[in-house]
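Below: the structure, in structure tokens.
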Amino acid sequence: MNISKNETGSVDSVRMHWLDGARLAAAFCIIGIHASSDSVGQAFADALPGERVFPVMLRTVSEIASTEFFILVSLFLLSVRMSRKELSYIANIKQQARRLLLPFVIWTIFYAFFRLYKAYYFDYYDAQWAEIVQPVNWIYYLTLGYSNYHMHFLPTLFVLILFYPIYRLAIKAPIVGLIIVPMIYLNMLSGQFIWRHLDDLMIIESWMRVAKLLTYTGYGFAAYALLGLWQLKIDRKTSISLFGFALLVLTLGFGIRMMHATEIIQTGSFGVRGGIIYMNHFLYPCFMVLAFLASQHFRWPEKLAEWSKYSFGLYLMHPAFLYMCEVAVKDYELTPTQFVSIKFAFALVMSLCMSVLFSRSRYLAWTIGLGKIPFIEDRPKPHDWDKTKASSQAITQGQ
Amino acid sequence: MNTGTLEQSASQRENQEPTQPRVAPAISSKQFLAIVALFPALAATALAILIHLSIPFNYDRPAAATTDFASITMPADGDTVSNELTMRGSIFSTEADIWLYLAEESEGRYYPKTMIDNTAGPWQTTLYSGAPAGNEFRVVLLGLSAEQRLIVDNWFQHGSNTGEYPGIDSFELDVELAGVKLVAAP
């Protein structure tokens with residue numbers, strides 16, 4: 001691979017605007033995925049195949065930047081940050097715990113109760129309330145992220161971060177990143193094994209999560225391998241070749257996605273992914289990030305950071321607005337296309353507006369990853385205390 | 001995302017390179033935002049149009065248990081039934097040159113079972129289903145033209161000659177006067 005430092009002579013060509021673009025794509029696509037189902041999270045089983053085409057296509061297109069893509073982009077960001085700022089392992093983990101787990105707890109409580117709102121209008125309030133008052137369910141909420149369908153992301157990401165020292169191996173030897181392939185295969189096999197041999201649903205889910213966390217470390221290696229590639233400062237020509245390669249693979253992968261989509265249109269069920277469809281779904285994010293990385297020399301807009309900082313807020317808030325929309329249109333006879341279009345537009349606009357509003361409040365901004373945590377991160381740091389203490393001791397001792 | 005310094009952007013985090021002449025971005029950040037936000041919907045629309053152009057979907061809905069023309073009152077929609085089932089219903093309105101058949105329907109294929117009298121009023125018959133245990137199937141009342149009746153007659157004739165009854169796939173949904181979805185008992 002040719003290595004050329006800033007061959008084009010343009011500072012923008014090597015800046016990471018592409019990463020901001022990737023973050024935005026991830027946030028909007030995840031809204032698309034979650035907006036594409038009916039109000040019970042299914043593929044419009046009662047609709048005719050022709051009526052399912054748009055919702056299924058919305059899902060298929062949106063899945064090119066799935067949750068796993070979000071995880072990979074997040075791990076890449078983490079790798080960039082950690083490669084620049086040398087902190088001890090404990091200090092890093094403490095910092096990530098504050099920034100990921102504290103918002104997680106807040107949003108877990110919010111969604112556990114907010115789901116009652118939809119449950120009330122869809123006549124399953126009692127069952128939902130019975131779930132909330134069971135203390136054991138709070139264990140699942142706080143460990144597996146079961147308070148809502150998207151909350152698993154934060155604890156998953158935090159656990160993956162714990163392994164970061166071993167991911168570093170992939171910076172010097174990016175080929176290590178290819179371990180993602182057997183890892184995903186192992187994830188598929190372990191899932192099949194667990195479902196085949198266990199009966200209790202929560203035990204199945206727990207073991208599935210263990211298997212997922214261990215095998216998703218493959219994304220950690222992939223992220224650090226991509227950082228290794230990034231650090232090579234690939235020249236424009238090689239970048240374009242790399243972009244073309246990624247695009248080719250993504251196009252082929254999209255063909256496989258379309259095969260799966262056809263099945264969903266015909267059956268009205270999302271079904272279970274297996275074989276090539278499974279492998280394609282979970283390896284796709286790696287080539288997506290590779291494509292974004294390879295687009296580093298493109299003329300990216302410079303102020304993307306102003307918007308990409310809301311991506312976490314978009315991710316966390318959009319399900320609430322999807323629920324609100326589902327309740328609002330409950331009594332209208334809408335086609336699946338109308339239903340998902342309204343949901344997508346409403347959740348997208350509202351979660352973006354709400355993220356902007358949250359970002360302007362000191363007490364709310366931290367819940368969507370912006371700003372310091374009030375009373376914890378904005379108080380004087382320990383070394384400041386030490387200085388204060390030392391100076392007061394000096395005064396006391398008359399020095 | 002928020003894994004690093006959450007309030008900072010990716011571009012703010014990377015190494016500061018020495019200042020060089022800048023290349024103007026192709027689009028502004030707001031334009032990019034709009035494109036990325038609308039991309040899933042626009043791409044899905046384009047693909048949906050292509051799919052609709054490639055595949056002629058049928059938008060006729062299967063007939064319900066009760067329509068303006070007829071009803072099936074027993075068994076009820078969604079019931080689990082044995083292979084031998086008693087069927088009841090009513091004919092509300094029909095025309096003289098229409099022949100009524102009770103048929104099983106599965107995956108778009110019709111398996112005619114028995115003829116029903118084309119007279120307004122209640123009807124009852126016993127039907128023997130060939131649906132495998134646990135499978136969903138529909139029982140429908142068909143209103144057939146003389147030409148369509150000939151297809152059914154030929155189908156019965158072909159079945160009795162060969163022992164094979166592959167189902168008729170040439171009927172459109174508009175031949176259905178009433179229908180119920182059933183599940184074959186295990």
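The values are calculated or read from the model by the stated rules, or taken from the named source; none is laboratory data. No experiment lies behind these values; they were computed from the predicted model shown. Because the Cβ atoms are built from the backbone with ideal geometry, glycine has one as well, and the counts that use them run over all protein chains shown. These area figures cover heavy atoms from the full protein model, side chains too; ligands, DNA and RNA do not enter into them. Shrake-Rupley method; radii C 1.70, N 1.55, O 1.52, S 1.80 Å.
Tell me yes or no: at least one residue of the stretch B:48-64 is more than 7 Å from chain A (Cβ to nearest Cβ), at pLDDT 90 or above and open to solvent by less than 60 Å² (accessible area, probe 1.4 Å).
No, because not a single residue in the stretch B:48-64 is more than 7 Å from chain A (Cβ to nearest Cβ), at pLDDT 90 or above and open to solvent by less than 60 Å² (accessible area, probe 1.4 Å).
Among the residues of the stretch A:290-310, is any hydroxyl-bearing (Ser, Thr, Tyr), part of a loop (DSSP other than H, G, I, E, B) and either crowded, with 20+ Cβ neighbours inside 10 Å or at pLDDT 95 or above (or both)? Break it down stepwise before answering.
Here is the first cut: in the stretch A:290-310, the ones hydroxyl-bearing (Ser, Thr, Tyr) are A:295, A:308, A:310.
With the extra rule that they be part of a loop (DSSP other than H, G, I, E, B), the set shrinks to A:310.
Checking which are either crowded, with 20+ Cβ neighbours inside 10 Å or at pLDDT 95 or above (or both) leaves us with A:310.
Yes, the stretch A:290-310 contains at least one residue that is hydroxyl-bearing (Ser, Thr, Tyr), part of a loop (DSSP other than H, G, I, E, B) and either crowded, with 20+ Cβ neighbours inside 10 Å or at pLDDT 95 or above (or both).
Kindly provide the set of residues from the stretch A:268-322 that are more than 30 Å from A:Lys118 (Cβ to Cβ), in contact (Cβ under 8 Å) with a residue 40 or more places away in the chain and basic (Lys, Arg), ordered by number.
Matches in the stretch A:268-322: A:Arg299 only.
Give the stretch B:28-41 a look and list any residue that's more than 15 Å from A:Ile30 (Cα to Cα), surrounded by fewer than 20 Cβ atoms within 10 Å (Cβ to Cβ) and either of a type outside the set (Gly, Ala, Ser) or more than 7 Å from chain A (Cβ to nearest Cβ) (or both), or say none.
Listed by number, the residues that qualify are B:Lys30, B:Gln31, B:Ala34, B:Ile35.
Return the total of residues in the stretch A:230-254 being within 21 Å of A:Leu78 (Cα to Cα), open to solvent by less than 30 Å² (accessible area, probe 1.4 Å) and part of a helix (DSSP H, G or I).
1
Consider only pairs whose beta carbons are under 8 Å apart and that are at least six residues apart or on different chains; among these, list those whose first residue lies in the stretch A:227-255 and is closer than 13 Å to A:Cys286 by Cα and whose second residue is β-branched (Val, Ile, Thr) and assigned to a helix (DSSP H, G or I).
From residues that are closer than 13 Å to A:Cys286 by Cα, the pairs are A:Leu227/A:Val80; A:Leu227/A:Ile171; A:Leu250/A:Ile64.
State yes or no: is A:Ser269 within 14 Å of chain B (Cβ to nearest Cβ), small (Gly, Ala, Ser) and assigned to a loop (DSSP other than H, G, I, E, B)? Before the answer, list the steps.
Numbers: within 14 Å of chain B (Cβ to nearest Cβ): yes; small (Gly, Ala, Ser): yes; assigned to a loop (DSSP other than H, G, I, E, B): yes.
Spelling it out, A:Ser269 is indeed within 14 Å of chain B (Cβ to nearest Cβ), small (Gly, Ala, Ser) and assigned to a loop (DSSP other than H, G, I, E, B).
Do we have any residue at all in the stretch A:55-68 that's open to solvent by 30 Å² or more (accessible area, probe 1.4 Å), β-branched (Val, Ile, Thr) and either more than 9 Å from chain B (Cβ to nearest Cβ) or without any contact (Cβ under 8 Å) to a residue 60 or more places away in the chain (or both)?
Taking the stretch A:55-68 first, the residues open to solvent by 30 Å² or more (accessible area, probe 1.4 Å) are A:59.
Filter again for β-branched (Val, Ile, Thr), leaving none.
No, the conditions are met nowhere in the stretch A:55-68.
Condition first: over 25 Å from the mean Cα position of the chain (by Cα) and crowded, with 20+ Cβ neighbours inside 10 Å. Can you find one or more residues in the stretch B:92-115 that meet it?
Looking through the stretch B:92-115, none of the residues is over 25 Å from the mean Cα position of the chain (by Cα) and crowded, with 20+ Cβ neighbours inside 10 Å.
Among the listed residues B:Ser170, B:Ser129, which satisfies the condition of being modelled with pLDDT under 90 and crowded, with 19+ Cβ neighbours inside 10 Å?
Details: B:Ser170 fails: crowded, with 19+ Cβ neighbours inside 10 Å.
The match here is B:Ser129.
It is to be established whether one or more residues within the stretch A:26-46 are modelled with pLDDT under 90, in contact with a Gly (Cβ under 8 Å, 6 or more places away or on another chain) and not polar (S, T, N, Q).
yes
Would you tally the residues in the stretch A:187-226 being of a type in the set (A, V, I, L, M), open to solvent by 10 Å² or more (accessible area, probe 1.4 Å), farther than 23 Å from A:Ile171 by Cβ and without any contact (Cβ under 8 Å) to a residue 60 or more places away in the chain?
8
The conditions are (1) open to solvent by 10 Å² or more (accessible area, probe 1.4 Å); (2) at pLDDT 90 or above, and A:Tyr89 fails exactly one of them. Which is it?
The single condition A:Tyr89 does not satisfy is (2).
Which of the following residues is of a type in the set (Gly, Ala, Ser), open to solvent by 20 Å² or more (accessible area, probe 1.4 Å), assigned to a helix (DSSP H, G or I) and away from every other protein chain (no Cβ under 14 Å): A:Ala130, A:Ala97? Walk me through it before giving the result.
On the way: A:Ala97 fails: away from every other protein chain (no Cβ under 14 Å).
One residue alone meets the criteria, A:Ala130.
Which residues, taken from the stretch B:106-146, are within 19 Å of B:Glu164 (Cβ to Cβ), touching a Lys or Arg at 6+ places or on another chain (Cβ under 9 Å) and assigned to a strand (DSSP E or B)?
Step one: filter the stretch B:106-146 for residues within 19 Å of B:Glu164 (Cβ to Cβ), giving B:106-113, B:128-132, B:137.
Pick out the ones that are also touching a Lys or Arg at 6+ places or on another chain (Cβ under 9 Å) and you get B:106, B:128-129, B:137.
Answer for the stretch B:106-146, where residues must be within 19 Å of B:Glu164 (Cβ to Cβ), touching a Lys or Arg at 6+ places or on another chain (Cβ under 9 Å) and assigned to a strand (DSSP E or B): B:Ser106, B:Tyr128, B:Phe137.
Here is a yes/no grid of residues against (1) farther than 26 Å from A:Ile161 by Cα; (2) under 16 Å from the mean Cα position of the chain (by Cα); (3) more than 9 Å from chain B (Cβ to nearest Cβ); (4) without any contact (Cβ under 8 Å) to a residue 24 or more places away in the chain:
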residue	(1), (2), (3), (4)
A:Ala25	no, yes, no, no
A:Glu51	yes, no, no, no
A:Ser74	no, yes, no, no
A:Ile93	no, no, yes, no
